[in-house]
Amino acid sequence: MAIPVIDFSTLNGDKRGETMALLHEACQKWGCFMIENHELDKKLMEKVKQLINIHYEENLKENFYQSEIAKSLDKKQNTSDIDWESAFFIWHRPISNIRNIPNLSEELCQTMDQYIDELLKLAEKLSELMSENLGLEKNYLKEAFSGRNGPAMGTKVAKYPQCPHPELVRGLREHTDAGGIILLLQDDQVPGLEFFKDGKWVEIPPSKNNAIFVNTGDQVEVLSNGLYKSVVHRVMPDRNGSRLSIASFYNPVAEAIISPSSKLLYPSNYRYGDYLELYGKTKFGEKGPRFESIKNMINGHYK
(Lines give C-alpha, C1' and ligand atoms only; values in the text may rest on other atoms or scores of the structure.)
Protein backbone atom coordinates (compact mmCIF):
# COMPACT_ATOMS: atom_id res chain seq x y z
CA MET A 1 0.00 0.00 0.00
CA ALA A 2 1.92 3.03 -1.29
CA ILE A 3 1.35 6.44 0.29
CA PRO A 4 0.40 9.31 -2.07
CA VAL A 5 3.25 11.32 -3.57
CA ILE A 6 2.59 14.97 -4.48
CA ASP A 7 4.90 16.43 -7.13
CA PHE A 8 5.00 20.16 -6.44
CA SER A 9 6.66 20.85 -9.79
CA THR A 10 3.35 20.10 -11.54
CA LEU A 11 1.32 22.76 -9.70
CA ASN A 12 2.05 25.48 -12.24
CA GLY A 13 1.47 23.46 -15.40
CA ASP A 14 -1.10 21.43 -17.29
CA LYS A 15 -1.20 18.79 -14.55
CA ARG A 16 -2.26 21.19 -11.79
CA GLY A 17 -5.83 19.88 -11.67
CA GLU A 18 -4.63 16.29 -11.44
CA THR A 19 -2.15 17.17 -8.68
CA MET A 20 -4.76 19.11 -6.70
CA ALA A 21 -7.14 16.15 -6.93
CA LEU A 22 -4.41 13.81 -5.69
CA LEU A 23 -3.69 16.16 -2.77
CA HIS A 24 -7.40 16.34 -1.90
CA GLU A 25 -7.71 12.55 -1.94
CA ALA A 26 -4.57 12.17 0.19
CA CYS A 27 -5.97 14.54 2.84
CA GLN A 28 -9.35 12.80 2.81
CA LYS A 29 -8.36 9.15 2.72
CA TRP A 30 -4.83 9.06 4.15
CA GLY A 31 -4.16 12.12 6.29
CA CYS A 32 -0.57 11.95 5.06
CA PHE A 33 1.51 12.16 1.88
CA MET A 34 5.03 12.72 0.55
CA ILE A 35 6.06 15.94 -1.24
CA GLU A 36 8.68 15.81 -3.99
CA ASN A 37 10.22 18.75 -5.89
CA HIS A 38 9.33 21.13 -3.07
CA GLU A 39 12.15 23.61 -3.91
CA LEU A 40 13.63 23.58 -0.42
CA ASP A 41 17.42 23.88 -0.47
CA LYS A 42 18.62 20.28 -0.25
CA LYS A 43 22.12 21.26 0.82
CA LEU A 44 20.57 23.19 3.69
CA MET A 45 18.42 20.17 4.63
CA GLU A 46 21.48 17.91 4.64
CA LYS A 47 23.31 20.39 6.85
CA VAL A 48 20.41 20.48 9.33
CA LYS A 49 20.46 16.68 9.60
CA GLN A 50 24.25 16.56 9.91
CA LEU A 51 24.39 19.16 12.68
CA ILE A 52 21.56 17.56 14.66
CA ASN A 53 23.23 14.17 14.43
CA ILE A 54 26.46 15.72 15.73
CA HIS A 55 24.54 17.38 18.58
CA TYR A 56 22.97 14.05 19.52
CA GLU A 57 26.28 12.17 19.48
CA GLU A 58 28.08 14.83 21.54
CA ASN A 59 25.37 15.84 24.01
CA LEU A 60 22.46 13.38 24.22
CA LYS A 61 23.41 9.83 23.29
CA GLU A 62 25.36 8.87 26.43
CA ASN A 63 22.72 10.37 28.72
CA PHE A 64 19.96 8.46 26.94
CA TYR A 65 21.58 5.05 27.38
CA GLN A 66 22.12 5.85 31.06
CA SER A 67 18.51 7.00 31.55
CA GLU A 68 15.75 5.24 33.45
CA ILE A 69 14.10 4.45 30.12
CA ALA A 70 17.13 2.47 28.97
CA LYS A 71 17.55 0.80 32.35
CA SER A 72 13.92 -0.32 32.48
CA LEU A 73 14.28 -1.90 29.05
CA ASP A 74 17.48 -3.69 30.11
CA LYS A 75 15.59 -5.12 33.07
CA LYS A 76 12.65 -5.99 30.76
CA GLN A 77 10.28 -4.09 33.05
CA ASN A 78 6.90 -2.71 31.97
CA THR A 79 7.54 -0.38 29.04
CA SER A 80 3.96 0.25 27.92
CA ASP A 81 4.02 3.88 29.11
CA ILE A 82 7.44 4.99 27.82
CA ASP A 83 8.85 6.07 24.46
CA TRP A 84 12.27 5.00 23.21
CA GLU A 85 13.31 8.45 22.03
CA SER A 86 15.71 11.28 22.79
CA ALA A 87 13.94 14.52 21.91
CA PHE A 88 13.72 18.26 22.45
CA PHE A 89 11.35 20.95 21.14
CA ILE A 90 12.21 24.25 19.48
CA TRP A 91 9.75 27.13 19.17
CA HIS A 92 10.25 29.33 16.08
CA ARG A 93 7.06 31.42 15.82
CA PRO A 94 5.71 33.64 17.19
CA ILE A 95 8.78 33.77 19.49
CA SER A 96 11.92 31.66 19.12
CA ASN A 97 13.54 29.86 22.03
CA ILE A 98 16.28 28.15 20.03
CA ARG A 99 19.13 29.98 21.75
CA ASN A 100 17.80 29.01 25.17
CA ILE A 101 18.23 25.29 24.51
CA PRO A 102 21.38 23.92 26.18
CA ASN A 103 24.43 23.04 24.09
CA LEU A 104 23.05 23.96 20.68
CA SER A 105 25.88 25.38 18.59
CA GLU A 106 25.45 28.77 16.97
CA GLU A 107 25.95 27.06 13.62
CA LEU A 108 23.02 24.72 14.32
CA CYS A 109 20.84 27.62 15.47
CA GLN A 110 21.55 29.66 12.35
CA THR A 111 21.10 26.67 10.03
CA MET A 112 17.80 25.70 11.65
CA ASP A 113 16.55 29.30 11.41
CA GLN A 114 17.34 29.34 7.69
CA TYR A 115 15.62 25.99 7.18
CA ILE A 116 12.48 27.11 9.04
CA ASP A 117 12.29 30.32 6.99
CA GLU A 118 12.08 28.15 3.86
CA LEU A 119 9.83 25.51 5.41
CA LEU A 120 7.33 28.14 6.59
CA LYS A 121 6.78 29.16 2.97
CA LEU A 122 6.07 25.53 2.05
CA ALA A 123 3.66 25.18 5.00
CA GLU A 124 1.79 28.32 3.96
CA LYS A 125 1.60 27.10 0.36
CA LEU A 126 0.16 23.79 1.59
CA SER A 127 -2.41 25.58 3.72
CA GLU A 128 -3.48 27.60 0.67
CA LEU A 129 -3.81 24.49 -1.50
CA MET A 130 -5.81 22.66 1.17
CA SER A 131 -8.09 25.67 1.63
CA GLU A 132 -8.63 25.87 -2.13
CA ASN A 133 -9.47 22.17 -2.31
CA LEU A 134 -12.02 22.67 0.48
CA GLY A 135 -13.71 25.42 -1.54
CA LEU A 136 -12.60 28.12 0.90
CA GLU A 137 -10.63 31.34 0.59
CA LYS A 138 -6.97 30.47 0.14
CA ASN A 139 -5.96 32.15 3.43
CA TYR A 140 -8.65 30.38 5.46
CA LEU A 141 -6.44 27.90 7.30
CA LYS A 142 -3.65 30.42 7.82
CA GLU A 143 -6.06 32.96 9.30
CA ALA A 144 -7.72 30.29 11.46
CA PHE A 145 -4.27 29.44 12.87
CA SER A 146 -3.13 33.04 13.34
CA GLY A 147 -2.72 35.42 16.24
CA ARG A 148 -1.32 38.93 15.96
CA ASN A 149 1.91 37.61 14.48
CA GLY A 150 0.63 34.77 12.34
CA PRO A 151 0.47 31.02 13.03
CA ALA A 152 2.72 29.15 15.44
CA MET A 153 5.68 27.12 14.23
CA GLY A 154 7.74 24.66 16.26
CA THR A 155 9.97 21.64 15.69
CA LYS A 156 10.30 18.40 17.60
CA VAL A 157 13.83 17.11 17.07
CA ALA A 158 14.05 13.41 17.89
CA LYS A 159 16.44 10.52 17.63
CA TYR A 160 15.09 7.02 18.05
CA PRO A 161 18.24 5.30 19.28
CA GLN A 162 19.36 1.84 18.28
CA CYS A 163 17.33 -0.49 20.49
CA PRO A 164 18.45 -3.86 21.91
CA HIS A 165 14.87 -5.08 22.46
CA PRO A 166 12.60 -3.41 19.86
CA GLU A 167 9.88 -5.99 20.48
CA LEU A 168 9.38 -4.64 24.03
CA VAL A 169 8.90 -0.91 23.45
CA ARG A 170 7.62 1.75 21.06
CA GLY A 171 9.86 4.49 19.74
CA LEU A 172 6.76 6.68 20.06
CA ARG A 173 3.38 5.33 21.13
CA GLU A 174 0.26 5.45 18.96
CA HIS A 175 -1.25 8.95 18.70
CA THR A 176 -2.65 11.63 16.43
CA ASP A 177 -1.05 15.08 16.29
CA ALA A 178 -2.89 17.87 18.09
CA GLY A 179 -2.04 20.70 15.72
CA GLY A 180 -2.30 21.66 12.08
CA ILE A 181 0.09 20.68 9.30
CA ILE A 182 3.18 18.62 10.20
CA LEU A 183 6.19 18.64 7.85
CA LEU A 184 8.75 15.93 8.52
CA LEU A 185 12.38 15.84 7.46
CA GLN A 186 13.38 12.30 8.35
CA ASP A 187 16.12 9.74 8.13
CA ASP A 188 17.07 8.48 4.68
CA GLN A 189 18.29 5.09 5.92
CA VAL A 190 16.55 3.85 9.08
CA PRO A 191 12.79 3.08 8.97
CA GLY A 192 10.29 3.08 11.83
CA LEU A 193 7.40 5.47 11.11
CA GLU A 194 4.05 3.74 10.65
CA PHE A 195 0.54 5.07 9.91
CA PHE A 196 -2.74 3.25 10.54
CA LYS A 197 -5.01 2.91 7.51
CA ASP A 198 -7.92 0.59 6.79
CA GLY A 199 -7.18 -1.56 9.82
CA LYS A 200 -3.50 -2.05 9.00
CA TRP A 201 -0.19 -0.43 9.92
CA VAL A 202 1.49 1.03 6.83
CA GLU A 203 5.26 1.47 6.96
CA ILE A 204 6.49 4.86 5.78
CA PRO A 205 9.84 4.34 4.06
CA PRO A 206 12.87 6.53 4.79
CA SER A 207 12.80 9.73 2.73
CA LYS A 208 15.05 9.65 -0.31
CA ASN A 209 16.34 12.88 -1.88
CA ASN A 210 15.05 14.83 1.13
CA ALA A 211 11.38 14.47 0.22
CA ILE A 212 9.16 16.03 2.89
CA PHE A 213 6.60 13.80 4.57
CA VAL A 214 3.39 15.61 5.60
CA ASN A 215 0.53 14.64 7.87
CA THR A 216 -2.49 16.60 9.03
CA GLY A 217 -3.35 17.13 12.70
CA ASP A 218 -6.55 17.27 14.74
CA GLN A 219 -7.20 20.96 14.06
CA VAL A 220 -7.27 20.45 10.30
CA GLU A 221 -9.84 17.70 10.81
CA VAL A 222 -11.98 20.06 12.92
CA LEU A 223 -11.58 23.07 10.60
CA SER A 224 -12.50 20.93 7.57
CA ASN A 225 -15.55 19.54 9.41
CA GLY A 226 -14.10 16.06 9.15
CA LEU A 227 -13.41 16.12 5.41
CA TYR A 228 -9.68 15.91 6.07
CA LYS A 229 -8.39 13.44 8.64
CA SER A 230 -5.78 13.35 11.36
CA VAL A 231 -4.44 9.83 11.38
CA VAL A 232 -3.04 7.55 14.09
CA HIS A 233 0.68 6.88 13.76
CA ARG A 234 3.60 5.53 15.75
CA VAL A 235 7.35 4.97 15.61
CA MET A 236 8.88 1.52 15.97
CA PRO A 237 12.48 1.32 17.25
CA ASP A 238 15.18 -0.40 15.23
CA ARG A 239 17.67 -3.01 16.38
CA ASN A 240 20.29 -2.02 13.82
CA GLY A 241 20.26 1.77 13.64
CA SER A 242 19.17 5.12 15.08
CA ARG A 243 16.46 7.05 13.23
CA LEU A 244 16.45 10.85 12.88
CA SER A 245 13.16 12.77 12.89
CA ILE A 246 12.81 16.55 12.46
CA ALA A 247 9.07 17.22 12.63
CA SER A 248 7.98 20.84 12.19
CA PHE A 249 4.47 21.84 13.24
CA TYR A 250 2.56 24.61 11.45
CA ASN A 251 -0.04 25.13 14.15
CA PRO A 252 -2.70 27.46 15.51
CA VAL A 253 -1.50 29.83 18.20
CA ALA A 254 -2.75 28.99 21.68
CA GLU A 255 -5.42 31.72 21.66
CA ALA A 256 -6.86 30.74 18.24
CA ILE A 257 -10.58 29.94 18.34
CA ILE A 258 -11.17 26.81 16.28
CA SER A 259 -14.41 25.96 14.50
CA PRO A 260 -15.31 24.60 11.05
CA SER A 261 -16.04 27.04 8.27
CA SER A 262 -19.77 27.62 7.92
CA LYS A 263 -19.37 26.75 4.22
CA LEU A 264 -18.47 23.20 5.21
CA LEU A 265 -21.33 22.65 7.64
CA TYR A 266 -24.61 21.00 6.75
CA PRO A 267 -27.71 23.05 7.52
CA SER A 268 -29.40 22.21 10.82
CA ASN A 269 -32.49 23.09 12.88
CA TYR A 270 -34.71 23.67 9.84
CA ARG A 271 -38.28 22.53 9.24
CA TYR A 272 -38.49 19.62 6.83
CA GLY A 273 -41.51 21.27 5.24
CA ASP A 274 -39.39 24.26 4.28
CA TYR A 275 -36.79 21.96 2.76
CA LEU A 276 -39.48 20.15 0.74
CA GLU A 277 -40.80 23.48 -0.55
CA LEU A 278 -37.32 24.47 -1.74
CA TYR A 279 -36.70 20.97 -3.10
CA GLY A 280 -39.81 21.25 -5.26
CA LYS A 281 -38.32 24.31 -6.94
CA THR A 282 -34.78 22.96 -7.28
CA LYS A 283 -35.16 19.16 -7.57
CA PHE A 284 -33.15 18.89 -10.77
CA GLY A 285 -30.35 21.19 -9.63
CA GLU A 286 -27.26 20.53 -7.54
CA LYS A 287 -27.95 19.80 -3.86
CA GLY A 288 -25.07 22.01 -2.62
CA PRO A 289 -26.77 25.33 -3.47
CA ARG A 290 -29.98 23.96 -1.96
CA PHE A 291 -28.17 23.30 1.34
CA GLU A 292 -26.69 26.81 1.22
CA SER A 293 -30.15 28.30 0.68
CA ILE A 294 -31.47 26.48 3.73
CA LYS A 295 -28.55 27.76 5.81
CA ASN A 296 -29.23 31.31 4.62
CA MET A 297 -32.88 30.96 5.64
CA ILE A 298 -31.86 29.80 9.10
CA ASN A 299 -29.40 32.67 9.49
CA GLY A 300 -32.05 35.36 9.47
CA HIS A 301 -34.04 35.30 6.28
CA TYR A 302 -37.00 33.71 7.98
CA LYS A 303 -38.16 32.77 11.46
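For segment 195-204, which residues satisfy the criterion of being open to solvent by 20 Å² or more (accessible area, probe 1.4 Å) and touching a strand residue (DSSP E or B) at 6+ places or on another chain (Cβ under 8 Å)?
Taking segment 195-204 and keeping what is open to solvent by 20 Å² or more (accessible area, probe 1.4 Å), we get 196-201, 203.
196, 201, 203, listed by residue number.
Out of the helices (runs of 4 or more DSSP H) lying entirely within segment 65-149, which hold 3 or more residues that are without any contact (Cβ under 8 Å) to a residue 40 or more places away in the chain? Steps first, please.
Numbers: elements: 68-74, 106-133, 140-145.
Ranges flagged: 68-74, 106-133.
So which of 53, 37 ends up being open to solvent by 70 Å² or more (accessible area, probe 1.4 Å) and closer than 16 Å to residue 185 by Cα?
Numbers: 53 fails: open to solvent by 70 Å² or more (accessible area, probe 1.4 Å).
Going through 53, 37 in turn, the sole match is 37.
Can you work out which of the residues in segment 100-140 that are in contact with a Phe, Trp or Tyr (Cβ under 9 Å, 6 or more places away or on another chain) and hydroxyl-bearing (Ser, Thr, Tyr) is nearest to residue 150 (Cα to Cα)?
Residue satisfying both the conditions and the ranking: 127.
Inspect all residues belonging to segment 202-214 and state whether any of them is at pLDDT 95 or above and under 24 Å from residue 259 (Cβ atoms).
So far as segment 202-214 goes, yes, one or more of its residues are at pLDDT 95 or above and under 24 Å from residue 259 (Cβ atoms).
So, in segment 94-126, exactly how many residues are within 26 Å of residue 30 (Cα to Cα), open to solvent by less than 70 Å² (accessible area, probe 1.4 Å) and not small (Gly, Ala, Ser)?
Of the residues in segment 94-126, the ones within 26 Å of residue 30 (Cα to Cα) are 116, 118-126.
Imposing the further condition that a residue be open to solvent by less than 70 Å² (accessible area, probe 1.4 Å) reduces the set to 116, 118-120, 122-124, 126.
With not small (Gly, Ala, Ser) added as a condition, the list becomes 116, 118-120, 122, 124, 126.
Residues that pass the stated criteria total 7.
A quick yes/no check of all residues on (1) closer than 22 Å to residue 110 by Cβ; (2) among the basic types (Lys, Arg); (3) in contact (Cβ under 8 Å) with a residue 24 or more places away in the chain:
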position: 22; (1), (2), (3): no, no, no
position: 35; (1), (2), (3): no, no, yes
position: 41; (1), (2), (3): yes, no, yes
position: 51; (1), (2), (3): yes, no, yes
position: 55; (1), (2), (3): yes, no, yes
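What are the pairs with Cβ atoms under 8 angstrom where one residue, in segment 1-18, is under 16 Å from residue 38 (Cβ atoms) and at pLDDT below 95 and the other, located anywhere, is exposed (fewer than 10 other Cβ atoms within 10 Å of the Cβ) and among the hydroxyl-bearing types (Ser, Thr, Tyr)? Sequence gap at least six, or different chains.
none
Select from segment 186-218 the residues that are basic (Lys, Arg) and not in a strand (DSSP E or B) and list them in ascending order. Don't jump to the end; show me each part of the working.
Our first condition is that a residue be basic (Lys, Arg); within segment 186-218, this holds for 197, 200, 208.
Residue satisfying the conditions is 208 alone.
Whether any residue in segment 127-135 is out of contact with any Lys or Arg (no Cβ under 9 Å at 6 or more places or on another chain) and either open to solvent by less than 60 Å² (accessible area, probe 1.4 Å) or closer than 23 Å to residue 233 by Cβ (or both) is what I want to check. It would help to see each step written out before you state the result.
Going through segment 127-135, the residues out of contact with any Lys or Arg (no Cβ under 9 Å at 6 or more places or on another chain) turn out to be 130, 133.
If we keep only those that are either open to solvent by less than 60 Å² (accessible area, probe 1.4 Å) or closer than 23 Å to residue 233 by Cβ (or both) as well, we get 130, 133.
Checking segment 127-135: at least one residue is out of contact with any Lys or Arg (no Cβ under 9 Å at 6 or more places or on another chain) and either open to solvent by less than 60 Å² (accessible area, probe 1.4 Å) or closer than 23 Å to residue 233 by Cβ (or both).
Do the conditions hold for residue 85, that is, is it at pLDDT 95 or above, open to solvent by 80 Å² or more (accessible area, probe 1.4 Å) and of a type outside the set (Val, Ile, Thr)?
On the way: at pLDDT 95 or above: yes; open to solvent by 80 Å² or more (accessible area, probe 1.4 Å): no; of a type outside the set (Val, Ile, Thr): yes.
Against the criterion (at pLDDT 95 or above, open to solvent by 80 Å² or more (accessible area, probe 1.4 Å) and of a type outside the set (Val, Ile, Thr)), residue 85 does not qualify.
Within segment 202-236, which residues are more than 11 Å from the chain's Cα centre (by Cα), hydrophobic (A, V, I, L, M, F, W, C) and more than 26 Å from residue 163 (Cβ to Cβ)?
222, 223, 227
May I ask you to list the residues in segment 150-184 that are in a loop (DSSP other than H, G, I, E, B) and open to solvent by less than 30 Å² (accessible area, probe 1.4 Å)? Working first, answer last.
As a first pass, look at segment 150-184 and keep what is in a loop (DSSP other than H, G, I, E, B): 151, 161-165, 169, 171, 176-180.
Within segment 150-184, 151, 161, 163, 169, 171, 177, 179, 180 qualify.
Kindly indicate which of 277, 292, 221, 255 is in contact with a Ser or Thr (Cβ under 9 Å, 6 or more places away or on another chain) and either exposed (fewer than 13 other Cβ atoms within 10 Å of the Cβ) or not in a loop (DSSP other than H, G, I, E, B) (or both).
On the way: 277 fails: in contact with a Ser or Thr (Cβ under 9 Å, 6 or more places away or on another chain); 292 fails: in contact with a Ser or Thr (Cβ under 9 Å, 6 or more places away or on another chain); 255 fails: in contact with a Ser or Thr (Cβ under 9 Å, 6 or more places away or on another chain).
Result of the check over 277, 292, 221, 255: 221.
The values are calculated or read from the model by the stated rules, or taken from the named source; none is laboratory data. Bear in mind that the values here come from a model prediction, so they are computed numbers and not experimental data. Every residue, glycine among them, receives a Cβ derived from its backbone with ideal geometry; neighbour counts consider all protein chains shown. To get the accessible areas, we keep the full protein, side chains included, count just its heavy atoms, and leave off ligands, DNA and RNA. Shrake-Rupley method; radii C 1.70, N 1.55, O 1.52, S 1.80 Å.
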